[in-house]
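First up is the structure itself, then whatever we jot down about it.
The values are calculated or read from the model by the stated rules, or taken from the named source; none is laboratory data. On a predicted model such as this, the values are computed, not experimentally measured, just so you know. Every residue, glycine as well, gets a Cβ built from its backbone with ideal geometry; the counts of neighbours run over all protein chains shown.
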Amino acid sequence: MKYASRFVANAIVAAVALVPGATIMSAQATVDLENRYASVGAIMVWRVDDAGNPVELRGFVSGTLIRDRVMVTAGHFTAPAKALGTLPPSIRIVASFSPTNAKDPQTWIPVARLATHPSMPHCPPPPQCDPTDEILVAPLEPGIADVGLVFLAQTPRGVTPARFADYDALGKSEGGPTTIVGYGTTTPRMRDLPPDTALWDGKRRFRTSILRRVVDDTWALWSIPSYVCSGDSGGGIFLHSPRPVGTAGELLAANVSDGGQDCRRHNNNNRLDTRKIQDWINETIRQSATRSLVNPRATPR
């Protein structure tokens, strides 16, 4: 699964910014200057002062808009909030769909609630929620769906939700190209160093990666080196569509989970093209109005 970081300042960051690794290597990815993948956004955890002003970025991941106010992301990002129950008052979670500067407060949308797939194990702050350390679950562990949902307080303007690929679309696409989209960093960090969020440029990037093999109902493998890094967790993986629907004419089939400690060793990602996962997503969205909110001041539609 992919990079996390500390308590929901450290807890939600717990599923976000932790990218151990020793090899310094630039990511082979292209900045989305044309905003082709507008449905893919960044989700950020900020520490705020008493007046609610952001003072420190504690972590970030990627996610894809699948309904007017709902994003799908990595479960290892949302799981720490589930373990803690509620966020401390000093923490705010926001999303941005800016392709070139997600750190611009003018682009932020408050997050109202998080949901985590029930297969994810109890996931308190790191190291338990750092999948690269293989403490949470083993790579490609059967039955674990690294999937979470992020409910937004407002509908992003001008953003069309992505459309899911058909059931088992990945099973019919082995050996074919996919597009991986996210807001990750471009180099890994050393294992023992704290995350330096100041180095994150807040840009959306995409790259082509070949689908190597479908492992089971939950996991699939992509070509390596992956060039997915810290913050790409939860990002969308798209199949080409024969007609111009969804994001950039492509269909959402998976989300980024684990790029390995060095951002290139692994490319193990979670399938979204199965009936069970899509049924869970649809049912969770349906029940969202009856569940408690992370931020009681922001109510999703």
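The table below gives the values:
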quantity: Residue within the stretch 197-209 that is under 22 Å from Leu221 (Cα atoms), modelled with pLDDT under 95, among the β-branched types (Val, Ile, Thr) and in a loop (DSSP other than H, G, I, E, B) present; calculated: no
quantity: Yes/no for Val94 being in contact with a Phe, Trp or Tyr (Cβ under 9 Å, 6 or more places away or on another chain), at pLDDT 95 or above and surrounded by 20 or more Cβ atoms within 10 Å (Cβ to Cβ); calculated: yes
quantity: Close pairs (7 angstrom Cβ cut-off, 6 or more residues apart or separate chains): in a loop (DSSP other than H, G, I, E, B) in the stretch 152-173, at pLDDT 95 or above and aromatic (Phe, Trp, Tyr) anywhere; calculated: Pro156/Phe97; Val159/Phe97
